[in-house]
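Here's the structure we're looking at; comments come further down.
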Amino acid sequence: RQFDDSKWNIRTKQYYIESIMDKFGTETNPIHIVKNNDETYEIFDGGCRLNAINGFCSGEFPIERNNTLCWFTQNNRVNNETDYVFSELNKEEFQSMLLTVKIYHELTDLQKEELFNIKRLYRQAISY
């Protein structure tokens, strides 16, 4: 349901990466996963966030820090004169950030829908 990556444009992905870096060491918005009866896992809420992390780490897009484009890895879009590429220490620090993951066991489709709606209403309430 939220795993449709087209819901987040590059700027939204950049903002998410920048926000988790700004909150280093604090709890992030949880990734919600359902463990199904057949022992498979389904990302219930948080697929766009995981895709943003993956996209940044694979060099799909940079983030901006102090008016400088910062890339996780060297690639053919990096301007070596003006851009910054993460050092090994930067990469280790980023990869050591903790993501909160909540795992639900064997939810029905109705339970997933109800949980998703409750989470959506909660996010709307705190944004006012």
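Hey, what's the chain come to in accessible area per residue, 1.4 Å probe, Å²? Don't skip to the answer; put the middle values down first.
Working: 8410 Å² over 128 residues.
Accessible surface, normalised per residue, equals 66 Å².
Take the Cβ-Cβ distance between residue 35 and residue 10 as r, set R0 to 35 Å, and report the resulting FRET efficiency rounded to the nearest 0.05. Each step should come with its number before you reach the end.
On the way: r = 32 Å, r/R0 = 0.91.
Working from the Cβ atoms, E equals 0.65.
Converting phi to 3J(HN,Hα) with the Karplus coefficients 6.51, -1.76 and 1.60 and the offset θ = phi - 60°, the stretch 28-40 yields 9, 4, x, 8, 9, 10, 10, 8, 7, 4, 8, 6, 8 Hz in sequence order, with x at every glycine or proline.
Under the convention that each Lys and Arg Cβ holds +1 and each Asp and Glu Cβ holds -1, the size of the dipole of the chain around its Cα centre is about 380 debye. Taking the accessible area of the stretch 1-107, probe 1.4 Å, and keeping the other protein chains in place, the carbon and sulfur fraction comes to 48%.
Nearest 500 deg cm²/dmol is fine: what mean residue ellipticity at 222 nm does the chain get from its DSSP H runs of n ≥ 4 alone, each adding -39,500 (n - 2.57), divided by its residue count? Could you put the intermediate results ahead of the total?
Numbers: 4 runs with 50 residues, N = 128.
Computed mean residue ellipticity for the chain: -12500 deg cm²/dmol.
Per-residue accessible area (protein heavy atoms, 1.4 Å probe) orders 15, 104 as 15, 104, starting from the largest. Residues in the stretch 25-58, backbone N under 19 Å from the label point at residue 105 (7 Å along the Cα-to-beta-carbon vector): list them, ranges by number please. Only 32-44 fall inside the zone, counting backbone N under 19 Å. For residue 44, the residues whose modelled amide H falls within less than 5 Å of its own, excluding neighbours fewer than 5 places apart on the same chain, are 32, 33, 34. Semi-axes of the equivalent ellipsoid for the stretch 25-85, computed as √(5λ) from the eigenvalues of its C-alpha gyration tensor and ordered from largest down, come to 33, 14, 7 Å. In the assembled protein chains, residue 23 presents an accessible area of approximately 110 Å² (probe radius 1.4 Å). When nucleic acids and ligands are ignored and a 1.4 Å probe is applied, residue 100 ends up with an accessible area of around 40 Å². Using a probe of 1.4 Å, the accessible surface attributed to residue 60 totals some 70 Å² when neighbouring protein chains are kept in position. Straight-line cross-link partners of residue 23 among the lysines, defined as a Cα under 25 Å from its Cα and at least 8 positions apart when in the same chain: 7, 13, 91, 102, 119. Taking 20 Å as the cut-off, the amide N atoms of the stretch 55-78 that come nearer than this to a point 7 Å along the Cα-to-beta-carbon line of residue 92 belong to 57-58, 71-74.
The values are calculated or read from the model by the stated rules, or taken from the named source; none is laboratory data. Predicted, not measured: the structure shown is a model, and the values here were computed from it. As a convention, Cβ positions derive from the backbone with ideal geometry for all residues, glycine included, and neighbour counts pool all protein chains shown. Heavy atoms of the whole protein, side chains included, go into the accessibility calculation; ligands, DNA and RNA do not. Shrake-Rupley method; radii C 1.70, N 1.55, O 1.52, S 1.80 Å.
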